[in-house]
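Notes follow the structure.
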Amino acid sequence: MNAPAGIGLRAPHLAEIDRDRPALGLLEIHAENYLLPSPSFAAMERVRADYRFSVHAVGLSLGAVDGLDAAHLARVAALVKRLQPDLVSDHLSWSTHGGRYFNDLLPLPYTEEALDVVVRNVDRLQEALGRQISIENPSCYLAIAHSTMSEPEFLSQLAKRSGCGLLLDANNIHVTAHNLSIDPARWLDGLPAAAITEYHLAGHAVNEVEGGTILIDDHGSRVGDPVWGLFSQCVERFGPRPTVIEWDTDIPALPVLLDEARRASVLLAAGGRHDARAA
Amino acid sequence: MTLALREWQAAFVADLAGGGGEARLAIHRHHIQRSLAKALAMTFPTVHALVGADFFRQIAGIFVTRELPTQPVLAEYGAQFADFLAAEEAMHGLPYLADVARLDWALNVAFYSPRPSAADLTGLSPEVLLSKVLTLAPGAELIRSRYPLDRIWTASQPGAAEGEVDLAKGPTCLLVLPAGFVRLDEGEAAFVASIAEGHTLEAAAVAGFTAESNFGLAGCFGRLLGCEAFAALQQ
């Protein structure tokens, strides 16, 4: 079976997807949007029965030095148990500190100590869920001076030590590489292909600051050409994997997302070969 | 000198709050502010409509700096927003705004409440029925205000007809339910409040008559059943 391409399920599209069941290889929800009962939950659950499904958490704060919040972990575990999704993921980042939640994917210094913290949190999460989870590379804006390893080294070590999968977000790779002046092709070097379980694609914004440009991961536009190129490289190098188009700012009509998913699907089927990009 | 991760994260958070740190930290600071203000706008749509998007972003931004969420479910963020608006009336100058926020919050809580099947009271004789203790639907809440909250809410809906709301048309008592809210008169409100306190229907009816001599038990009860105000029989 070909690796499926799909979209992040967002509230403005829920009723339409529930009614029309458009052809999509995969749907992904944000766990934190579906931890409460509501008519939206009921619609999501109806839809879930008809698609391959992914639960993508944004708030587990796997890089938090204080460890995982037991109450939130229990709620996410109950959701995963109920939905039995094909994939479960969260990010290489932290968002909680001192009992407060920052609603952002905050960066980690890539040190041995931080690796120990993330491995411990991922172990606890996988134990609570009784399954493998995947960890996504974040978009980085800050170079953290006392990092002792690169992001891909950190991710590879994390996968090796915890047994977690890796969710490669091609847009985040592009954004991070631009902002921190890294060669994105080199970023891919040394990642363990067998650990990679999923790809994400999204658009980003270009901001002018301090006389240069900084890319912001705003999920507010179509996937850019450099990101499609990077995605092709990932597929060629690591193989096709389930792929999700994310769009969170200025969310367009559903057909726009379906079109992006179709383009991803063509690239997955072609093994990422560049001649498929014009399709 | 390498900080241990605990100290590093504490310093990062302090820089986020204090405006310090390097310039690019502002990307995270702005994202936190904007995304949480957006979450509050989703939860408080009537407040948002009344004050407008720009002013809402400003006051929500101030609230965010004072009260960050304590957990990641954003639909549960904003429990203190109404109190904040009440305390900061000088900021917006709208005496009814805090009560509107209470209504928005109650509607939010009710929307995200379980919806068990409504109470089945068929076949019960009036005598038996009056001896029963009913439970309000999960998430149901009585909201009292000096202001005509229902009229303010209606006038703030997208596509509502232009026109002034006569603030003298209060006070109001609203019963907020998963399906929306209903306006209650004094007798009906006393009836519902008594049920919420766990009294029998008979005791609740007495409370209704005591509050409002024109209280009509059958009409009130039928109306409440019609909007699925009751969850289940307790006994």
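The values are calculated or read from the model by the stated rules, or taken from the named source; none is laboratory data. In this text the structure is predicted, and so the values were computed from the model without any measurement. We place every Cβ from the backbone using ideal geometry, glycine too, and count neighbours over all the protein chains shown.
Observations on the model:
- Enumeration of residues in the stretch A:20-56 that are under 18 Å from the mean Cα position of the chain (by Cα) and acidic (Asp, Glu): A:28, A:32
- Whichever residue in the stretch A:138-161 is within 14 Å of another protein chain (Cβ to nearest Cβ) and in contact (Cβ under 8 Å) with a residue 40 or more places away in the chain and, among such residues, is nearest to the chain's Cα centre (by Cα): A:138
- Residue that is surrounded by the fewest Cβ atoms within 10 Å (Cβ to Cβ), among those in the stretch A:209-230 that are more than 14 Å from chain B (Cβ to nearest Cβ) and not in a loop (DSSP other than H, G, I, E, B): A:225
- Residue match in the stretch A:108-115 (condition: within 19 Å of the chain's Cα centre (by Cα), modelled with pLDDT of 95 or more and within 9 Å of chain B (Cβ to nearest Cβ)): yes
- Hits in the stretch A:45-67 - residues which are within 13 Å of chain B (Cβ to nearest Cβ) and under 24 Å from residue B:108 (Cα atoms): A:56, A:57, A:58, A:59, A:60
- Any hit, the stretch A:36-58, residues being closer than 25 Å to residue A:173 by Cα, polar (S, T, N, Q) and touching a Pro at 6+ places or on another chain (Cβ under 7 Å): yes
- Any hit, the stretch A:171-194, residues being part of a loop (DSSP other than H, G, I, E, B), at pLDDT 95 or above, away from chain B (no Cβ under 14 Å) and closer than 23 Å to residue B:34 by Cβ: no
- Residues that are surrounded by fewer than 16 Cβ atoms within 10 Å (Cβ to Cβ) and at pLDDT below 95, drawn from the stretch B:27-64: B:30
- Residues satisfying the stated conditions in the stretch B:34-80, i.e. more than 9 Å from chain A (Cβ to nearest Cβ), part of a loop (DSSP other than H, G, I, E, B) and under 17 Å from the mean Cα position of the chain (by Cα): B:44, B:78, B:79, B:80
- Test: residue in the stretch B:9-30 that is more than 10 Å from chain A (Cβ to nearest Cβ), within 34 Å of the chain's Cα centre (by Cα) and within 28 Å of residue B:105 (Cβ to Cβ): no
- Residue A:148 vs. criteria outside any loop (DSSP other than H, G, I, E, B), hydroxyl-bearing (Ser, Thr, Tyr) and either at pLDDT below 95 or out of contact with any Gly (no Cβ under 8 Å at 6 or more places or on another chain) (or both): no
- The set of residues in the stretch B:81-114 being within 12 Å of chain A (Cβ to nearest Cβ) and not in a helix (DSSP H, G or I) consists of B:112, B:113, B:114.
- Residue check, residue A:182 of a type outside the set (Asp, Glu) and over 25 Å from residue A:5 (Cβ atoms): yes
- Any chance residue B:137 is out of contact with any helix residue (DSSP H, G or I) (no Cβ under 7 Å at 6 or more places or on another chain), farther than 22 Å from residue B:84 by Cα and either polar (S, T, N, Q) or surrounded by 19 or more Cβ atoms within 10 Å (Cβ to Cβ) (or both): yes
- Filter result for the condition that a residue is at pLDDT 95 or above and facing chain B (nearest Cβ under 9 Å), over A:23, A:70, A:42: A:42
- Screening residue B:174 on (1) touching a residue at least 60 places away in the same chain (Cβ under 8 Å); (2) under 24 Å from the mean Cα position of the chain (by Cα); (3) assigned to a helix (DSSP H, G or I) shows it passes everything except condition (3).
- Residues being within 14 Å of chain B (Cβ to nearest Cβ), without any contact (Cβ under 8 Å) to a residue 40 or more places away in the chain and farther than 26 Å from residue A:218 by Cβ are entirely absent from the stretch A:122-137.
- Any hit, the stretch A:243-265, residues being under 11 Å from residue A:201 (Cα atoms), at pLDDT 95 or above and part of a loop (DSSP other than H, G, I, E, B): yes
- Selected residue [of a type outside the set (S, T, N, Q) and in a helix (DSSP H, G or I)] from B:164, B:188: B:188
- Long-range neighbours under 7 Å by Cβ, at least six apart or interchain, first residue under 18 Å from residue A:259 (Cα atoms) within the stretch A:216-241, second charged (D, E, K, R) and outside any loop (DSSP other than H, G, I, E, B): A:219/A:246; A:222/A:260; A:223/A:260
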